[in-house]
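Below is one structure, written out as structure tokens; the observations come after it.
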Amino acid sequence: MSHTPSPPPLRRHLRQTRDRLATALITAGGIGVIAAVMAIGVFLAVEVVPLFWSSTDTPRINLDALWLPQSYEGLDMPVHRWQPALPEEGAEPRFGMLPLVWGTLDAALWALVIAVPLALGAAAHSALFMSRRLRARLKPTLELMEAMPGVVIGFIAGLVLAPWLDVHLALGMTLLIMLPPGLLLAGGLWARLGAGLRRRLPMGWAALWLLPWLLLIWGLSSWLAPWLEAWWFDGDLRAWLEVSLGLDYTNRNAIIVGMAMGFAVMPSIYALAEDALSGVPKSLVEGAEALGATRWQSFWKVVLPAAGPGVLSAVMIGAGRAVGETMIVLMASGNTALMTASPLDGLRSMAASIAIELPEAAPGGTHYRLLLLAALLLFVFTFCVNTLAEVVRSRLRRRYHRMGGTS
């Protein structure tokens with residue numbers, strides 16, 4: 001039996017020194033990141049505190065003025081308004097924060113409504129049903145979408161998607177109506193195919209053979225849209241919305257923001273949820289199928305409950321990014337500080353207001369400190385959401401380790 005000679009003492013000492021130096025640098029980097037995050041929070045808190053007591057530079061702000069409706073000259077009833085700069089000379093600025101909070105949550109909600117079903121559906125199909133060869137190609141591509149800059153997505157949403165939907169509003173509504181039953185019909189037809197055809201169109205490759213079907217639904221919707229608009233909406237969907245429902249369609253609205261931000265948030269939710277679903281030990285799935293469960297039953301009754309915390313953390317991290325998104329909301333929302341439940345109206349988020357107004361706000365003034373208060377609220381929310389999501393992911397990883405899976 002050959003004996004491997006030990007390295008010389010000098011080389012061993014150099015290797016140990018290098019390892020210790022690398023460990024120290026990594027530790028210092030981690031501590032530095034934590035310190036930087038905490039320093040940002042402390043800086044924002046210190047800058048915001050003077051708002052709540054009188055000083056020579058900044059008058060005291062009443063909390064009621066920020067969060068409750070206020071009476072303003074020229075208005076008949078108390079309203080929420082964020083108008084820090086008014087065109088009328090001598091007019092009092094209006095610093096109601098609730099429209100900004102409403103716009104932030106409204107944009108995030110519509111983004112999650114669009115992103116979560118698509119991302120979780122893609123993650124479930126990729127983890128459990130998709131062919132390994134196709135998954136090896138599509139998963140990295142979907143994850144790389146997360147690197148697309150928000151300014152590019154906002155540019156496309158504001159200058160391409162919004163004008164297109166403004167002209168083809170009836171087609172967009174028809175697609176919204178046709179897609180869900182069209183996909184269910186595709187699944188029903190596939191289930192009724194013969195064994196030979198199903199082998200040629202396997203479920204693992206559905207991401208490819210469904211593309212011609214989606215194009216067919218698009219073509220059918222394009223053909224039906226003018227007829228549907230003429231028959232159901234008297235030839236003008238926009239006018240029908242205004243007259244019948246009292247909804248005024250604006251070119252850049254919450255739906256446009258939701259579609260653009262949903263596209264931006266979807267890759268991160270998909271990647272985290274797919275890792276959680278694919279990390280469930282195979283022995284659980286095989287045991288369920290051995291007891292007679294179908295693949296869908298195994299997913300719904302076994303895989304999803306086991307991966308539930310990971311899926312929840314993926315959604316939470318997506319929500320944190322949606323709340324803090326700036327450029328997409330800035331370019332696609334219209335930046336109107338409204339408080340309406342209509343998805344066809346514009347909005348204004350806290351992040352967009354900070355990006356637009358902070359360069360023009362006088363340092364130390366009320367407007368400046370209120371923008372930093374909005375930044376502090378965003379900081380606290382995203383910090384809490386991301387921390388909670390990481391705790392959930394850590395618990396899931398420990399659960400998989402106890403169950404014998406890989407994390």
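Details
- Taken along its three principal axes, the alpha carbon spread of the stretch 93-180 comes to 60, 31, 23 Å, from the longest extent down to the shortest.
- Charges were assigned to the Cβ only: +1 to each Lys and Arg, -1 to each Asp and Glu. The resulting dipole of the chain about its Cα centre is roughly 3340 debye.
- The fraction of accessible area contributed by carbon and sulfur in the chain is 67 percent, rounded to a whole number (1.4 Å probe; ligands and nucleic acids excluded).
- With q set to 0.22 Å⁻¹, the log10 of I(q)/I(0) for the stretch 303-407, from the Debye formula over equal scatterers at the Cα positions, is -1.12.
- Per residue, the accessible area of the stretch 130-188 comes to 60 Å², computed with a 1.4 Å probe over protein heavy atoms only.
- Per-residue ellipticity at 222 nm, computed for the chain from helices alone with -39500 (n - 2.57) per DSSP H run of at least four residues, works out to -22000 deg cm²/dmol.
- Rule-of-thumb Rg ratio for the stretch 202-329 [Cα; 2.2 N^0.38 Å; N residues]: 1.52
- Cut-off of 10 Å, at most 15 other beta carbons, DSSP loop: longest stretch of the chain lacking such trypsin sites (Lys or Arg not before Pro): 193-407
- Residue among LEU347, LEU165, LEU277 with the largest mean-square fluctuation in a Gaussian network model of the chain, springs linking Cα atoms under 10 Å: LEU165
- Taken as entire DSSP H runs, the helices of the chain that both span 24 Å or more between Cα atoms along their own long axis and average 1.0 or more on the Kyte-Doolittle scale are 98-124, 169-191, 254-278, 304-324.
- For semi-axes √(5λ) of the Cα gyration tensor in Å, calculated from these coordinates, the label among (i) 43, 38, 17; (ii) 43, 25, 19; (iii) 30, 25, 24: (i)
The values are calculated or read from the model by the stated rules, or taken from the named source; none is laboratory data. For clarity, every value in this text was computed on a predicted model and none was experimentally measured. Virtual Cβ from ideal backbone geometry, glycine too; neighbours counted across all protein chains shown. For the accessible areas, the whole protein counts, side chains as well, though only heavy atoms, and no ligand, DNA or RNA atoms are used. Shrake-Rupley method; radii C 1.70, N 1.55, O 1.52, S 1.80 Å.
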